[in-house]
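J.: Sharing a structure below in structure tokens format, with a few things to ask.
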Amino acid sequence: MRQFREDAPGQGAYPFVIRQMTHEDMSAVIALEQASFKNPWSPELLRRELDHDWSTILLVEDPKPDGGKELLGLAIFWIVQDEVHVLNVATAPEHRRRGVARAVMEELLARGKHRSCTLATLEVRRSNEAAISLYRSFGFRSVGVRPNYYADEKEDALVMVLDF
Ligand SMILES: CC(C)(COP(=O)(O)OP(=O)(O)OC[C@H]1O[C@@H](n2cnc3c(N)ncnc32)[C@H](O)[C@@H]1OP(=O)(O)O)[C@@H](O)C(=O)NCCC(=O)NCCS
């Protein structure tokens, strides 16, 4: 089962429900952020993203037989002019390596293409091998370094770009 808003192309063939976050999802999203990052996004920051026209938060869920659903992962991205900018991708630790991040990346790239974007960009910690490998598998290439971009740990960011 898949569900998409009317602005979504929904071209993927993944076994998850992917839908846009609403304010009612806040507590589940915060729990996922806290399980995934040392510096998780705050409710205030997420609320602000929900209110921005250019920002989308996609949730990946597993529908349950009892009608409930479990949040597996998320992605936050902006579409500004011809660019998709990926701000955040995370999968719940107990659901990693099941293709959750791949599914949400496919979906957000499809949405960007549907909106006539010509490229996707992102920053990623230089040490984040799992994420770099994920992005490379979509064809993202490293085009530069932002020194000390993650000021908390003085870690550099790699800037990665995918041309559509
Ligand atoms: C990076 C992350 C989002 C990957 O999520 P995931 O759902 O486990 O990824 P998928 O199962 O969709 O994997 C897709 C591809 O990513 C790469 N990948 C994912 N995890 C990896 C790992 N631990 N080591 C190496 N490559 C990895 C592989 O290429 C993989 O393809 P494969 O399974 O066919 O080999 C997840 O590890 C995570 O949430 N990390 C913490 C948050 C984070 O660092 N987010 C990214 C920065 S914004």
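The values are calculated or read from the model by the stated rules, or taken from the named source; none is laboratory data. These numbers come from a predicted model, not from an experiment. Here the Cβ is made from the backbone with ideal geometry for all residues, glycine too, and neighbour counts use every protein chain on show. What goes into the accessible areas is simple: the full protein's heavy atoms, side chains included, and nothing from ligands, DNA or RNA. Shrake-Rupley method; radii C 1.70, N 1.55, O 1.52, S 1.80 Å.
J.: Residues that are open to solvent by 20 Å² or more (accessible area, probe 1.4 Å) and within 24 Å of residue 47 (Cβ to Cβ): list the strands (runs of 3 or more DSSP E) wholly contained in the stretch 70-164 that include at least 1 such residues.
T.: Working: elements: 83-91, 119-125, 141-150, 155-163.
Result: 83-91, 119-125, 141-150.
J.: Just one of 110, 103, 120 is modelled with pLDDT of 95 or more and within 12 Å of the ligand (Cβ to nearest atom); which is it? Write out each step before concluding.
T.: Details: 110 fails: within 12 Å of the ligand (Cβ to nearest atom); 120 fails: within 12 Å of the ligand (Cβ to nearest atom).
After applying the criteria, what remains is 103.
J.: Report, ordered by the first and then the second residue, all pairs with beta carbons closer than 7 Å, sequence separation of six or more or different chains, a first member in the stretch 118-129 that is without any contact (Cβ under 8 Å) to a residue 60 or more places away in the chain, and a second member that is open to solvent by 70 Å² or more (accessible area, probe 1.4 Å) and within 13 Å of the ligand (Cβ to nearest atom).
T.: Within 7 Å, the pairs are 123/149.
J.: Would you please list the contacts, defined by Cβ atoms under 9 Å and residues six or more apart or on different chains, that run from a residue in the stretch 70-92 that is over 13 Å from residue 54 (Cβ atoms) and charged (D, E, K, R) to a residue that is more than 12 Å from the ligand (Cβ to nearest atom) and not in a loop (DSSP other than H, G, I, E, B)?
T.: Hits for this filter: 70/28; 70/61; 70/62; 70/63.
J.: Could you grab me the full set of residues in the stretch 51-67 that are among the small types (Gly, Ala, Ser) and open to solvent by 30 Å² or more (accessible area, probe 1.4 Å)? Break it down into steps so the answer makes sense when it comes.
T.: Filtering the stretch 51-67 down to residues among the small types (Gly, Ala, Ser) leaves 55, 67.
Once the filter is applied, which keeps residues that are among the small types (Gly, Ala, Ser) and open to solvent by 30 Å² or more (accessible area, probe 1.4 Å), the stretch 51-67 yields only 67.
J.: Would you pick out the residues in the stretch 24-35 that are closer than 20 Å to residue 150 by Cα and open to solvent by less than 30 Å² (accessible area, probe 1.4 Å)?
T.: Applying the first criterion (closer than 20 Å to residue 150 by Cα) to the stretch 24-35 yields 33-35.
The one that is closer than 20 Å to residue 150 by Cα and open to solvent by less than 30 Å² (accessible area, probe 1.4 Å): 33.
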